[in-house]
Amino acid sequence: MSIKDRLKLVTQAELDCKQRTLNAQGAVAAFKEKFRDAATPWRIVTVGAIAGFLAGRGRGGELGSGVGGKLFAGISQALIASIGASATAGAAAQAADAAHHAADAADHAAGAADHAAGAAADIDATATATATAAARDEANA
């Protein structure tokens, strides 16, 4: 393989490495965005306000009044907590998926970088051998 062919190989490996690095950075940015979206204070306040409102509505104005009010209050609190938990779980699953994609992209970028380093070392060794052979030919001539 000639030096020009090896140089093309190294250039292609460097381009692959840059692309995979950009993909990894994009995946990390998406992960951070999903993580921030998952647990905002406004979500917590909203779920708490709705749960409090429904619990107050179910009691009929007096604390502990009637079995139906207590049952409604318990069910509504459980329902609101479940909704909040499922939203958080969904956001966590998306964040985990984004983290997995970021890890894959980082692995590919590392592989491309290793490949480029190996090709560069081969080119350096070939160039050194060629230069040594040329110097020896000049000395013999």
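The values are calculated or read from the model by the stated rules, or taken from the named source; none is laboratory data. Bear in mind that the values here come from a model prediction, so they are computed numbers and not experimental data. Neighbour counts run over all protein chains shown; Cβ positions are idealised from the backbone, glycine included.
Before moving on, here are some points about what is shown:
- Some residue of segment 51-64 being modelled with pLDDT of 80 or more and either more than 32 Å from the chain's Cα centre (by Cα) or not β-branched (Val, Ile, Thr) (or both): no
- When the test is whether a residue is within 23 Å of Ile123 (Cα to Cα), assigned to a helix (DSSP H, G or I) and among the acidic types (Asp, Glu), Glu33 does not pass it.
- Taking every residue in segment 115-134 that is surrounded by 13 or more Cβ atoms within 10 Å (Cβ to Cβ) and assigned to a helix (DSSP H, G or I) and pairing it with any residue that is at pLDDT 75 or above and small (Gly, Ala, Ser), at least 6 positions away or on another chain, the pairs with Cβ-Cβ distances below 6 Å are His115/Ala13; Ala116/Ala13; Ala119/Ala13.
- Those residues of segment 23-41 which are of a type in the set (A, V, I, L, M, F, W, C) and within 12 Å of the chain's Cα centre (by Cα), in sequence order: Ala24, Ala27, Val28, Ala29, Ala30, Phe31, Phe35
- Where a residue in segment 19-44 is free of Cβ contacts under 8 Å to residues at least 12 places away in the same chain and surrounded by 12 or more Cβ atoms within 10 Å (Cβ to Cβ) and its partner, wherever it lies, is of a type in the set (Phe, Trp, Tyr) and assigned to a helix (DSSP H, G or I), with Cβ under 7 Å and at least six apart: none
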